[in-house]
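Below you'll find the structure, written out as structure tokens, and then a few comments.
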Amino acid sequence: MIFDTSSKKLLSAVALIGLLAGFVGGVFGYRVAEKSVRAPQIRNITEEKKYLEESDYISAIQKVSPAVVSIIQSKYVQDYYLQPNLFFQGDPFFEQFFGQQFGKPQQRKSSGKGQKQKVGGGSGFIVTSDGLVITNRHVVDDTEADYAVILSDGREFKAEVLSKDTLNDLAVVRVTPKNEGGKVSSLPIVEFGDSDSLKVGQRVLAIGNALGEYQNTVTAGIISAEGRQITASDGAGSAETLSGLLQTDAAINPGNSGGPLINMLGQVIGVNVAIAASANNIGFAIPVNDVKPVIESVQKSGKIVRPFLGVRYQILTQERAKELQLSGVSRGALLVGDEGKGEFAVIPGGPGDKAGLKKGDVILEVDGKEIGQDFSLQQAVRSKKVGDSIRLKVWSSGKISEKSLTLGQAPND
């Protein structure tokens with residue numbers, strides 16, 4: 001068969017169009033197939049990652065929860081009643097000259113001991129199988145109250161306050177059986193982590209008796225900051241300065257005090273201690289490395305024995321140094337206080353006082369290690385023992401000098 005030139009050109013065009021259509025169709029089909037393969041893989045990876053994260057949370061909680069306890073505070077509460085004032089009650093003349101209160105019923109205390117009632121609650125965690133429990137000092141600070149410990153499995157024990165920490169808001173409680181002569185053993189205990197190795201952004205969980213009602217409530221968050229210093233108040237006029245704290249956005253509520261802050265391995269890395277009342281999700285915890293010497297001390301001597309420098313300080317920053325117009329220094333531990341309130345920068349008669357430290361001095365180094373936001377004065381001292389000698393590099397009124405002193409024992413009051 002013979003085709004003319006125009007026919008050949010037409011056939012070539014048709015063939016080319018067919019080839020292009022086939023190529024485009026193949027590419028389109030490949031893309032569709034590729035997407036159909038990739039989409040489930042991406043979704044599976046996301047779901048698997050989410051599942052692993054949830055598993056981490058669950059495993060950590062299950063590991064530590066049996067050793068987290070609720071601490072119940074009870075005491076006898078006196079009943080009051082109103083006693084009518086039989087004389088001149090409602091008399092306008094006497095109310096005019098002696099006040100309306102004159103004729104009103106007067107509050108009177110009932111006779112007897114009163115009724116024993118629950119007046120407070122907090123949290124804690126078991127650190128030895130024979131019943132040593134760590135909590136906050138303010139949870140067990142009422143010497144007129146009785147305390148009970150309730151485990152997550154519902155078991156209830158009496159609690160004896162063994163020792164309170166004078167430098168930190170910590171206390172050690174011993175669990176005792178209700179029946180006389182009984183013994184406590186084989187209790188679940190927590191595992192400790194290393195609070196010095198924590199990083200900002202690391203995930204953490206807070207566990208405790210939230211609001212004194214919701215036992216072993218778990219909240220999640222991250223480490224928001226390290227080395228925080230706060231002035232904590234109990235709402236009854238008592239306040240104290242705490243330093244070297246961990247900041248977290250894991251929700252901490254009244255009743256969480258004394259409960260553990262844990263990492264994703266289920267290890268305790270802090271003790272929940274305070275919240276910023278005027279903010280959302282700003283809570284603070286005492287690093288667990290500050291707790292370890294407390295436990296060792298109680299196990300060894302039956303009470304908390306701490307080395308004592310005898311100063312009150314805040315970590316100095318460049319901004320704070322500029323604000324105070326300090327020349328030639330921008331880091332260290334600035335000795336601060338308010339003598340009018342009995343808050344001495346340098347405690348009279350203490351080791352720091354004997355070494356010549358004074359308010360406004362800045363401790364730059366302890367035994368050659370720089371003091372700052374990454375290494376606080378508290379961290380430097382906690383690794384020492386009573387009676388140890390230390391060397392200080394101190395900035396004072398623009399001059400730098402070295403001082404040696406011997407650490408004393410923290411007072412009981």
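Of a type outside the set (Val, Ile, Thr), more than 14 Å from the chain's Cα centre (by Cα), in the same structural domain as Gly349 (by TED's automatic domain parsing) and at positive phi: does that describe Gln325?
Considered against the rule, which asks whether it is of a type outside the set (Val, Ile, Thr), more than 14 Å from the chain's Cα centre (by Cα), in the same structural domain as Gly349 (by TED's automatic domain parsing) and at positive phi, Gln325 comes out as yes.
Suppose we filter Gly259, Gly212, Gly208, Gly270 for residues that are modelled with pLDDT of 95 or more and farther than 30 Å from Leu334 by Cα; which single one remains?
One residue alone meets the criteria, Gly259.
For the range 138-168, what are the residues that are β-branched (Val, Ile, Thr) and closer than 16 Å to Tyr214 by Cα?
Within the range 138-168, Val149, Ile150 meet the criteria.
Determine, yes or no, whether Ser327 is assigned to a strand (DSSP E or B) and among the small types (Gly, Ala, Ser).
Spelling it out, it is not the case that Ser327 is assigned to a strand (DSSP E or B) and among the small types (Gly, Ala, Ser).
Name the one entry in Tyr81, Tyr51, Tyr57 that is in a helix (DSSP H, G or I), at pLDDT below 95, loosely packed, with under 11 Cβ neighbours inside 10 Å and not small (Gly, Ala, Ser).
Tyr51
Looking at Ile222, Ile230, Ile189, Ile207 in this structure, which one is among the aliphatic types (A, V, I, L, M) and either in a loop (DSSP other than H, G, I, E, B) or over 21 Å from the mean Cα position of the chain (by Cα) (or both)?
Criteria check complete, one pass: Ile189.
Mind listing whichever residues of the range 186-222 are surrounded by 13 or more Cβ atoms within 10 Å (Cβ to Cβ) and of a type in the set (Ser, Thr, Tyr)?
Let us first name the residues in the range 186-222 that are surrounded by 13 or more Cβ atoms within 10 Å (Cβ to Cβ), namely 187-196, 198, 202-210, 212, 214-222.
Selection gives Ser195, Tyr214, Thr217, Thr219.
Tell me which residues, restricted to the range 260-289, are crowded, with 24+ Cβ neighbours inside 10 Å and either among the β-branched types (Val, Ile, Thr) or assigned to a helix (DSSP H, G or I) (or both).
Ile262, Val268, Ile269, Val271, Val273, Ile286, Val288
When the residues of the range 162-185 are narrowed to those that are farther than 23 Å from Ile269 by Cα and either at pLDDT 90 or above or of a type in the set (Ser, Thr, Tyr) (or both), which ends up surrounded by the fewest Cβ atoms within 10 Å (Cβ to Cβ)?
So the residue we want is Ser185.
Could you tell me whether the range 323-333 includes any residue that is among the polar types (S, T, N, Q) and buried (at least 18 other Cβ atoms within 10 Å of the Cβ)?
No: the range 323-333 contains no residue that is among the polar types (S, T, N, Q) and buried (at least 18 other Cβ atoms within 10 Å of the Cβ).
Here are the criteria: (1) surrounded by 18 or more Cβ atoms within 10 Å (Cβ to Cβ); (2) within 26 Å of Asp194 (Cβ to Cβ); (3) among the aliphatic types (A, V, I, L, M); (4) more than 24 Å from the chain's Cα centre (by Cα). Tell me which single one Val386 does not satisfy.
With (1) surrounded by 18 or more Cβ atoms within 10 Å (Cβ to Cβ); (2) within 26 Å of Asp194 (Cβ to Cβ); (3) among the aliphatic types (A, V, I, L, M); (4) more than 24 Å from the chain's Cα centre (by Cα) applied to Val386, the lone miss is (1).
The values are calculated or read from the model by the stated rules, or taken from the named source; none is laboratory data. Because the structure is a prediction, the values reported are computed rather than measured. Heads up, the Cβs are rebuilt from the backbone with ideal geometry, glycines too, and the neighbour counts pull from every protein chain shown.
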